[in-house]
Amino acid sequence: MTLKGRDFLTLLDFTPEEIDYLLELSGELKYKKKNGILHDELRGKNVALIFEKTSTRTRSSFEVAAHDLGMGTTYLDPSGSQIGKKESIADTARVLAGIFDGIEYRGFGQEIVEELAEYSSVPVWNGLTNEYHPTQILADLLTIKEHFGYLKGIKFVYMGDARYNMGNSLMIGCAKMGLEFTACSPAKYFPEKALIEKCEEIAKETGAKLHFIEDPAVACKGADVICTDVWVSMGEPVEVWEERVKELSPYQVNKEKMDIAGENCIFMHCLPSYHDHKTKVGKEMGEKFNMEAFEVTNDVFESEASVVFKEAENRMHTIKAVMLATLK
Ligand code: CP
Ligand code: NVA
């Protein structure tokens, strides 16, 4: 199989076989990395990493993965380039495509990364938009596969704001790979109807099941995975905190929900997470709303069931697979 020259903008664009291929390749690259086997197959190439929002995992993963593959990297931060301010996305795409072999973009609307891809003659990889976070989903699927040994039929429950990048992309990933996906939140936080319909079509082909449930006790019963994400995402106004805390607090992942799921259930989170007061925002908002933690309690985050740091490591192996598959 070859994905050479393809963009990586959303998993909607990829078949289950292609996603499976990327997961297999990630596993091979992880093995090589762990065993000190050189894999600098893209020596001489260079990639541009555009970040209009901040990042720890995604930036580090693209940089280390590119270096392991033998490539050079140029990081363009939110303030250090002309993008969007003095130069359009279409012009930027054509400039960068002449200099680099691939372009990563993290930013706001999905339409921006799509426009970049439309005008770029080299592959464009989505490092997170408001709507989608496809490289994260590959890491999450790899982590589930490593833990349980398979993906099909896994009961995956996503708690919280299911209509943003993580909820949307997890629903797509689960639909593509035949998992049983549940979004658990108040109905207004379910993914958009049009996306649900697309995923239901995919599910018919793959055997996946999709559920949208407001009651956490019903949703968590028998779950293999309980996953969540922050209630307020990057780029959202600070004013939404109050509403989110009020509406999503019943969906906080805590011991009660993990107990409902059962002892074999694992906890996942793309990170970063507000599970204590050890961050500036976590402390400020925690004191304001009188909460020790937001989307997940610290005991669950630190528990044996939590695989969040394995997930974080898998970002690097899966991003490496995406770059190798689309550039080689
Ligand atoms: N999960 C994730 O994308 O993390 P960063 O924002 O640190 O890249
Ligand atoms: N929903 C989060 C994901 C961070 C990786 C955000 O967009 O901020």
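For region 173-201, enumerate the residues that are in contact with a Lys or Arg (Cβ under 8 Å, 6 or more places away or on another chain), away from ligand 2 (no atom under 16 Å from the Cβ) and acidic (Asp, Glu). Once the filter is applied, which keeps residues that are in contact with a Lys or Arg (Cβ under 8 Å, 6 or more places away or on another chain), away from ligand 2 (no atom under 16 Å from the Cβ) and acidic (Asp, Glu), region 173-201 yields only Glu180. A residue that is of a type in the set (D, E, K, R) and over 27 Å from Tyr251 (Cα atoms) occurs nowhere in region 122-141.
The residues of region 51-74 that are within 16 Å of ligand 2 (Cβ to nearest atom) and surrounded by 14 or more Cβ atoms within 10 Å (Cβ to Cβ), listed by number, are Phe51, Glu52, Lys53, Ser55, Arg57, Thr58, Arg59, Ser60, Ser61, Phe62.
In this structure, does Tyr132 turn out to be out of contact with any Asp or Glu (no Cβ under 7 Å at 6 or more places or on another chain), within 24 Å of Lys310 (Cα to Cα) and either buried (at least 24 other Cβ atoms within 10 Å of the Cβ) or without any contact (Cβ under 8 Å) to a residue 12 or more places away in the chain (or both)? Criteria not met by Tyr132. The single condition among (1) within 16 Å of ligand 2 (Cβ to nearest atom); (2) over 30 Å from Glu52 (Cβ atoms) that Leu170 does not meet is (2). Restricting attention to region 209-238, the residues that are in a loop (DSSP other than H, G, I, E, B) and within 16 Å of ligand 2 (Cβ to nearest atom) add up to 10. Here Glu243, Glu304 are screened, and the one residue that is free of Cβ contacts under 8 Å to residues at least 24 places away in the same chain, more than 16 Å from ligand 1 (Cβ to nearest atom), surrounded by fewer than 19 Cβ atoms within 10 Å (Cβ to Cβ) and part of a loop (DSSP other than H, G, I, E, B) is Glu304.
Matching residues to (1) in a loop (DSSP other than H, G, I, E, B); (2) more than 16 Å from ligand 1 (Cβ to nearest atom); (3) of a type outside the set (A, V, I, L, M, F, W, C); (4) touching a helix residue (DSSP H, G or I) at 6+ places or on another chain (Cβ under 8 Å):
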residue	(1), (2), (3), (4)
Val113	no, no, no, no
Ser121	yes, yes, yes, yes
Ala139	no, no, no, yes
Lys152	yes, yes, yes, yes
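Considering only residues in region 44-64 that are part of a helix (DSSP H, G or I) and touching a helix residue (DSSP H, G or I) at 6+ places or on another chain (Cβ under 8 Å), the one that is farthest from ligand 1 (Cβ to nearest atom) turns out to be Val64. Sub-7 Å Cβ pairs linking a first residue in region 45-67 that is closer than 21 Å to Glu236 by Cβ to a second residue that is of a type in the set (Val, Ile, Thr) and modelled with pLDDT of 95 or more, at least 6 apart or interchain, are Ile50/Ile103; Thr58/Thr135, ordered by first then second residue. Of all residues in region 200-240, those that are over 27 Å from Gly149 (Cβ atoms) and within 16 Å of ligand 1 (Cβ to nearest atom) total 7. Scan region 276-301 for residues that are among the polar types (S, T, N, Q), surrounded by fewer than 20 Cβ atoms within 10 Å (Cβ to Cβ) and outside any helix (DSSP H, G or I) and jot them down. Thr279, Asn290, listed by residue number. Count of region 158-183 residues, restricted to those that are buried (at least 24 other Cβ atoms within 10 Å of the Cβ), in contact with an Asp or Glu (Cβ under 8 Å, 6 or more places away or on another chain) and assigned to a loop (DSSP other than H, G, I, E, B), is 2.
Take the residues in region 184-208 that are part of a loop (DSSP other than H, G, I, E, B) and touching a residue at least 60 places away in the same chain (Cβ under 8 Å), then tell me which one is nearest to Glu304 (Cα to Cα). Walk me through it before giving the result.
Filtering region 184-208 down to residues part of a loop (DSSP other than H, G, I, E, B) leaves 185-186, 190-192, 207-208.
Of the ones still in play, those that are also touching a residue at least 60 places away in the same chain (Cβ under 8 Å) are 185-186.
Working: Ser185: 25, Pro186: 29 Å.
Out of the qualifying residues, it is Ser185.
Checking the condition surrounded by fewer than 14 Cβ atoms within 10 Å (Cβ to Cβ) and either more than 17 Å from Lys53 (Cα to Cα) or in contact with a strand residue (DSSP E or B) (Cβ under 8 Å, 6 or more places away or on another chain) (or both), which residue from Asp101, Asp77 passes?
Values: Asp101 fails: surrounded by fewer than 14 Cβ atoms within 10 Å (Cβ to Cβ).
Just a single option satisfies the conditions, and that option is Asp77.
For region 68-90, the tally of residues that are of a type outside the set (Val, Ile, Thr), in contact (Cβ under 8 Å) with a residue 12 or more places away in the chain and not in a loop (DSSP other than H, G, I, E, B) stands at 5.
Looking at the structure I just gave you, is Ala208 more than 17 Å from Phe267 (Cβ to Cβ), among the aliphatic types (A, V, I, L, M) and buried (at least 24 other Cβ atoms within 10 Å of the Cβ)?
yes
The values are calculated or read from the model by the stated rules, or taken from the named source; none is laboratory data. For clarity, every value in this text was computed on a predicted model and none was experimentally measured. All Cβ positions, glycine included, derive from the backbone under ideal geometry; neighbour counts span all protein chains shown.
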